[in-house]
1. Could you pull out the residue among A:Asp286, A:Asp316, A:Asp373 that is within 29 Å of A:Gly125 (Cα to Cα), of a type in the set (Asp, Glu) and within 22 Å of the chain's Cα centre (by Cα)?
2. Go through A:Ser139, A:Ser84, A:Ser182 for me and flag whichever is assigned to a helix (DSSP H, G or I) and of a type outside the set (Val, Ile, Thr).
3. So which residues in segment A:155-165 are among the hydrophobic types (A, V, I, L, M, F, W, C) and either open to solvent by 10 Å² or more (accessible area, probe 1.4 Å) or more than 14 Å from chain B (Cβ to nearest Cβ) (or both)?
4. Within segment A:51-72, which residues are open to solvent by less than 70 Å² (accessible area, probe 1.4 Å) and either without any contact (Cβ under 8 Å) to a residue 24 or more places away in the chain or more than 29 Å from A:Gly145 (Cβ to Cβ) (or both)?
5. Could you tell me whether segment B:74-82 includes any residue that is surrounded by 21 or more Cβ atoms within 10 Å (Cβ to Cβ), facing chain A (nearest Cβ under 10 Å), modelled with pLDDT of 95 or more and more than 24 Å from A:Gln81 (Cα to Cα)?
6. Under 6 Å between Cβ atoms, at least 6 apart or on separate chains: pull out the pairs that start in segment A:386-406 with a residue that is in a helix (DSSP H, G or I) and end on any residue that is surrounded by fewer than 16 Cβ atoms within 10 Å (Cβ to Cβ).
7. Scan segment A:214-244 for residues that are open to solvent by 20 Å² or more (accessible area, probe 1.4 Å) and either without any contact (Cβ under 8 Å) to a residue 12 or more places away in the chain or within 14 Å of chain B (Cβ to nearest Cβ) (or both) and report the count.
8. Can you list residue pairs whose Cβ atoms sit under 6 Å apart, with the first residue in segment B:66-83 being part of a loop (DSSP other than H, G, I, E, B) and the second being open to solvent by less than 70 Å² (accessible area, probe 1.4 Å) and of a type in the set (Phe, Trp, Tyr)? Count only pairs 6 or more apart in sequence or on different chains.
Amino acid sequence: MHNVVIIGAGPAGLSASLAAAAAGAPVLLIDSNPRLGGQYWRMSADDFQDQHNQHFDLDTGLLLINAVKARKEIEVWSGAQIWSATNKDGKNTLRIIYQGKERIVNTENLILCTGAYDRTLPFPGWDIPGVMTPGGVQSLLKGHGVLAGRRVVVAGSGPFLLPVAAGVIKAGGSVVALLEASKSRRWLTSFFVLLENISKIKEAFYYIKTISEAKVRARFGQAVIAAHAASNGELESVDIAKIDRNFRIKKVQNIKCDVAAIGWGFTADTSLAGSLGCNQLVAKDDGVVVWVDGEQQTSIPGVFAAGEITGIGGSDLSMAEGVIAGISAAKFVGCNVEVLKAHRKRRAKRQRFANALIRAYPIKPGWKSWLKDETIICRCEEVCLSDLKHSINELGATDSRTAKLLTRCGMGLCQGRICGRFVVDLVANELNLSPTDTDRISAVNRPIITPIPLGVLALGE
Amino acid sequence: MSQFDIEFTFDDNTITASPGQSVGAALLAANLRSLGQTRFNKNKRGVFCGIGVCFDCLVVVDGIANQRACIVEAKSGMKVQTQVGSNA
């Protein structure tokens, strides 16, 4: 019988696995990717090619991955898709498709390390092939050794744009524009936080060096506000605009490109936690995250969470949280182990850095002025802005849930993972209201964690 | 180097891939950016999120529709097709 079940094998999940195993608890580590490492340390196949130049610190990742593989107390299920998770009478039931069959895992002790994905905002033409998320461009580079296109525009907001631009350059591509929407200089006010997190500054300079050697200059206060297709239906150019403090368009210019990588930070993937019934809350960046206490325990006793799902903060914070979650879960199953003061101090230091990041890259409401009536809002169900407005102004929807039911916005295959977060803002804006936390939390909950073929269920346990 | 020892077809094209590469990555490497067409407007779509979240890069693999090109690993002899709508 497995004592601690850990979901997700990125920085948080790997750290949690090692900490729990070191404390004496057997671990079952379940991950959807074919290889360990998560998004941050996304690995290409072993015999493909060395990907060191696509990473700032691949060695730390390899160290953790090899340590997990070496510990026989840790059983690893890679390429496993969890499609359902329920909590009843203190018992958690996970339904998993693994090696073509359904497996059912019952456990009282779970650590959720399900990570995050790119936060997107809609704009005219964002559904054209060639418009991607920065994470998508990076995963192609790190995991598959493929550059998505020759001429790449990297835009949006947040520090993640830097490694993506640097990665494109290192792979031989050309970054034709690097645009940061924020003009914030709030970094300088957090001097102490910078000083105590010097390794993060080193990481930023590692990327900036590559970018400046390629003679690319980041432009601040600018954004991609529209994309245009050639006659073959694929991306040909984007409109880039100087924007004001509130993201309202000032001056527009057109630029040719093959790929536009546009992202606005990250959205935590709380689907599993929400399905189990863990309490969630709205973070400073308006994203929904899982509530945890100082031991990384969620509102459900025995269910712990670590990494991006408890608040976007990067790999170092994820690792610090993962260690604490691993120790706490091991203690919960009866191991004689305690979280050390040093662990808490390390987490606090990295949390201060994460907080400074969120303050430095605010997403301002003016992005809504970039949209046109015919702009696609829900990519899956092809719902456009005018459909959403119609559901409110003509059909009388007074909240985002009703607007969703009337338009099918967010009811497609991705289950609102892409549009759910900003639809709440669009609906509230049309109603002249501020979104409530309940609006935001209800937009991220979904009954099926990942769609699966029904036939597989017939083969299961 | 064991690069490009996998061969599969995408509609009428023969595509090469390295072991471990996804179908979507191999298609992008071959400069094929449009993978399918949407159900209602028949607009072209390609790889968007790249990590299996958005379900935009749907293709038909060996006759089975709704496969995410970004996460399906390329295998020799695979028959991959453009998915038009829900392929119903």
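1. Numbers: A:Asp316 fails: within 29 Å of A:Gly125 (Cα to Cα); A:Asp373 fails: within 22 Å of the chain's Cα centre (by Cα).
From the options A:Asp286, A:Asp316, A:Asp373, the qualifying one is A:Asp286.
2. Details: A:Ser84 fails: assigned to a helix (DSSP H, G or I); A:Ser182 fails: assigned to a helix (DSSP H, G or I).
Checking each option against the conditions leaves just A:Ser139.
3. Going residue by residue through segment A:155-165, those that are among the hydrophobic types (A, V, I, L, M, F, W, C) are A:155, A:160-162, A:164-165.
A:Ala155, A:Phe160, A:Leu161, A:Leu162, A:Ala165, listed by residue number.
4. Answer for segment A:51-72, where residues must be open to solvent by less than 70 Å² (accessible area, probe 1.4 Å) and either without any contact (Cβ under 8 Å) to a residue 24 or more places away in the chain or more than 29 Å from A:Gly145 (Cβ to Cβ) (or both): A:Leu58, A:Thr60, A:Leu62.
5. No, the conditions are met nowhere in segment B:74-82.
6. Going by the 6 Å Cβ cut-off, the qualifying pairs are A:Ser386/A:Asp373; A:Leu406/A:Leu395.
7. 9
8. B:Ala74/B:Phe8; B:Met78/B:Phe8
The values are calculated or read from the model by the stated rules, or taken from the named source; none is laboratory data. Remember, predicted model here, so these are calculated numbers, not experimental data. As a convention, Cβ positions derive from the backbone with ideal geometry for all residues, glycine included, and neighbour counts pool all protein chains shown. Areas reflect the complete protein model, heavy atoms only, side chains present, ligands, DNA and RNA absent. Shrake-Rupley method; radii C 1.70, N 1.55, O 1.52, S 1.80 Å.
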